[in-house]
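The values are calculated or read from the model by the stated rules, or taken from the named source; none is laboratory data. All figures in this text were calculated on a predicted structure; none of them were measured in a lab. All Cβ positions, even for glycine, are placed from backbone atoms using ideal geometry, and neighbour counts span all protein chains on display. Side chains are part of the model used for accessible areas, which takes the heavy atoms of the whole protein and leaves out ligands, DNA and RNA. Shrake-Rupley method; radii C 1.70, N 1.55, O 1.52, S 1.80 Å.
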Amino acid sequence: MDAEISLELMVGCDSCCVNKKRKATDQNGASGIIFKRMKPADYRELRKEERRSGVSLELKLGQYDPWAIKKTIVTSDLGHLSKLLLAADGVRRHILPHWDAERIENIKNGVRVSVWDCDTKSEHQLLFKRWTSGSHVFIEGWKGDFVGRRKLKKGDEIGLYWDPGNSRFNFCLLKRGPS
């Protein structure tokens, strides 16, 4: 029996695509692999069929950036008020969809949240609150646990996202600002 089983993996486009096929095993259990360069016309036909059917098997590799909320630290984030101010739009789009109605309702009074520092692998408890202006802030612990401990300065870029699997914020110092 000489039937072919396709284990097709295509990387790239047109002339650099490789079509890999494996022959079905024979009675003794031996199998062979045949590598064959995919013709540009075959690749275009495959893409046409994918568009027609609405299904694509194309593997896209790229950089995944989990940091849904990015912020450049400003003077008011470092000052005596001990708060990190976040834009309402980012919180509305990237955090609130993961929270239940009760937790969202309690934000106006403040909700105790865990914040995982991905760089130092440490967890901290902060109060997350919505101001009447609609902005959101981290308070009660921001200055000591992050500004002081991480030596944050004006111009540093940080990233945050809500991790629904662990019910916490993840924090990272993405880039140091100019000295």
Check your understanding: When you count, for each residue, the other Cβ atoms within 10 Å and take the mean per peptide, how do 165-171, 80-86 rank with the highest first?
Key -> 80-86, 165-171
**Study point:** Sum of side-chain charges, LYS121 neighbourhood, beta-carbon under 15 Å (Lys, Arg +1; Asp, Glu -1)
**Key:** -2
Practice item. Kindly report, to the nearest 10 Å², the accessible surface of LEU46 as traced by a 1.4 Å probe over protein heavy atoms only. Key: 50
Review point. On the first, second and third principal axes, largest extent first, how far apart are the outermost C-alpha atoms of segment 121-176 in Å?
Key: 29, 29, 18
Point to revise | Per-residue ³J(HN,Hα) for segment 127-132, Karplus 6.51 cos²θ - 1.76 cosθ + 1.60, θ = phi - 60°, Hz, x for Gly and Pro | key: 9, 10, 9, 9, 7, 4
Exercise for review: Pop out the ³J(HN,Hα) list for segment 97-104 in order, Karplus 6.51 cos²θ - 1.76 cosθ + 1.60 with θ = phi - 60°, rounded to Hz; leave Gly and Pro as x.
Suggested key: x, 8, 9, 7, 4, 5, 5, 4
Point to revise | Computed over segment 44-156, Kirkwood Rh from alpha-carbon pairs, angstrom | key: 16.8
